[in-house]
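Some notes on the structure that comes next.
The values are calculated or read from the model by the stated rules, or taken from the named source; none is laboratory data. Bear in mind the structure is a predicted one, so any value in this text is a computation, not a measurement. Cβ atoms come from the backbone with ideal geometry, glycine included; neighbour counts cover every protein chain shown. Ligands, DNA and RNA are excluded from the accessible area calculation, which covers all protein heavy atoms including side chains. Shrake-Rupley method; radii C 1.70, N 1.55, O 1.52, S 1.80 Å.
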Amino acid sequence: MFTNNFSKGVIFTCIASIFWGLPQPLFFNELNHINTLEVVLHRGFWSFIFLFIILISISNISQFFDIFKSSKKLLVLSITAILIASNWGGFIYAVSQERVQDASMGYFITPMISIFLGYLFLKEKLSKLKIYSVILMFLAIVILFFFMNGIPYLVISIGSTWAIYGLLRKQIDVRPSIGLLYESFLITLISIPYLIYLYNTSQSSFLSVDPRTTIFLILTGAVTIFPLFFFNLGLKFIQLGLAGVLFYLAPSFHFLTSVFILGENIFLAKLISFIVIWIGIILYIYDVIRGQIIENNTQ
């Protein structure tokens, strides 16, 4: 039914999206007593440590050093490092302020932006059915914005940083794990001086609050590497637009987690938007599957 690479891309992207949607908000909810910036910097530092140990143990990391020989790769990956750190900050802040539904809305916007960017920059085609699905998704976002008080800066920030991150990462020929290693390395260069400053001024939560907090700060690296690796791997095998649609699993689980586990209030407008978006997703995925079947039958 599908090519092997297409199936891999779908599976890898789904694994990442489901992990982002359910375990991750629950994990960072356990760190809501810590300043968002400190959590983000620990996340970057420990992501680099975990990933470096893994890669040095099981593969060749010579491509990491090759990045420094290419000005294009350096520039793109430096920008994506800033984008991913900003996205982390928005998400962690949303969790700490009991606004997981805002994070959910931010990631609901992401696939729509990804579809648009894929069409604009990567010349990914949109059939009539895909256009209808995008219209439905856009309608759902309009409903969400209409019923929010003021400009949803947090929603827009989370959605746009992640969509642009996906687009830029697709522009360079770098293994997903190596790209992550460089991004976390760059964040670490900023993290270390600041974390040392916090520790020396007795403002650090690491090793000073309780053992559980320290362990959770260390594990921010593990919960970061796992989904990011699979998402970037998935992007190598499928269209940016399809990856964006499959990514809707993440905010869907964010929405369900916020209501049924974290106890946030559910509003009718958000529920209606949720249903409309999923109708659009079903149309889009159906069109992609139909296209794959037609393509395979003509070969």
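Pull out all pairs, ordered by first then second residue, where Cβ-Cβ is under 7 Å, the residues are six or more apart or on different chains, the first lies in segment 37-61 and is modelled with pLDDT of 95 or more and open to solvent by 40 Å² or more (accessible area, probe 1.4 Å), and the second is polar (S, T, N, Q) and part of a helix (DSSP H, G or I).
Once the first residue is modelled with pLDDT of 95 or more and open to solvent by 40 Å² or more (accessible area, probe 1.4 Å) and sits in segment 37-61, its partners that are polar (S, T, N, Q) and part of a helix (DSSP H, G or I) give 45/188; 45/191; 46/220.
Can you pull out every residue in segment 77-133 that is open to solvent by 60 Å² or more (accessible area, probe 1.4 Å) and within 14 Å of residue 29 (Cα to Cα)?
93, 97, 98, 99
Can you give me the number of residues within segment 42-95 that are outside any helix (DSSP H, G or I) and touching a Lys or Arg at 6+ places or on another chain (Cβ under 8 Å)?
Qualifying residue count, segment 42-95: 0.
Restricting attention to segment 119-135, which residues are farther than 25 Å from residue 168 by Cβ and either small (Gly, Ala, Ser) or under 22 Å from the mean Cα position of the chain (by Cα) (or both)?
127
Scan segment 177-223 for residues that are farther than 30 Å from residue 58 by Cα, polar (S, T, N, Q) and free of Cβ contacts under 8 Å to residues at least 60 places away in the same chain and report the count.
5
Working only within segment 11-36, note down all residues that are among the aliphatic types (A, V, I, L, M) and buried (at least 20 other Cβ atoms within 10 Å of the Cβ). Spell out how you get there, then give the answer.
Start the filter on segment 11-36 by keeping residues that are among the aliphatic types (A, V, I, L, M), which leaves 11, 15-16, 18, 22, 26, 31, 34.
The answer is 16, 31, 34.
Among the listed residues 201, 224, 220, identify the single one that is out of contact with any His (no Cβ under 6 Å at 6 or more places or on another chain) and open to solvent by less than 40 Å² (accessible area, probe 1.4 Å). Give the steps one after another, and end with the answer.
Details: 201 fails: open to solvent by less than 40 Å² (accessible area, probe 1.4 Å); 220 fails: out of contact with any His (no Cβ under 6 Å at 6 or more places or on another chain).
Sole residue among the options that is out of contact with any His (no Cβ under 6 Å at 6 or more places or on another chain) and open to solvent by less than 40 Å² (accessible area, probe 1.4 Å): 224.
Just checking, which of 178, 156, 187 is part of a helix (DSSP H, G or I), out of contact with any Pro (no Cβ under 7 Å at 6 or more places or on another chain) and open to solvent by 70 Å² or more (accessible area, probe 1.4 Å)?
Checking each option against the conditions leaves just 156.
Quick check: is even one residue across segment 245-264 among the charged types (D, E, K, R) and farther than 17 Å from residue 165 by Cβ?
yes
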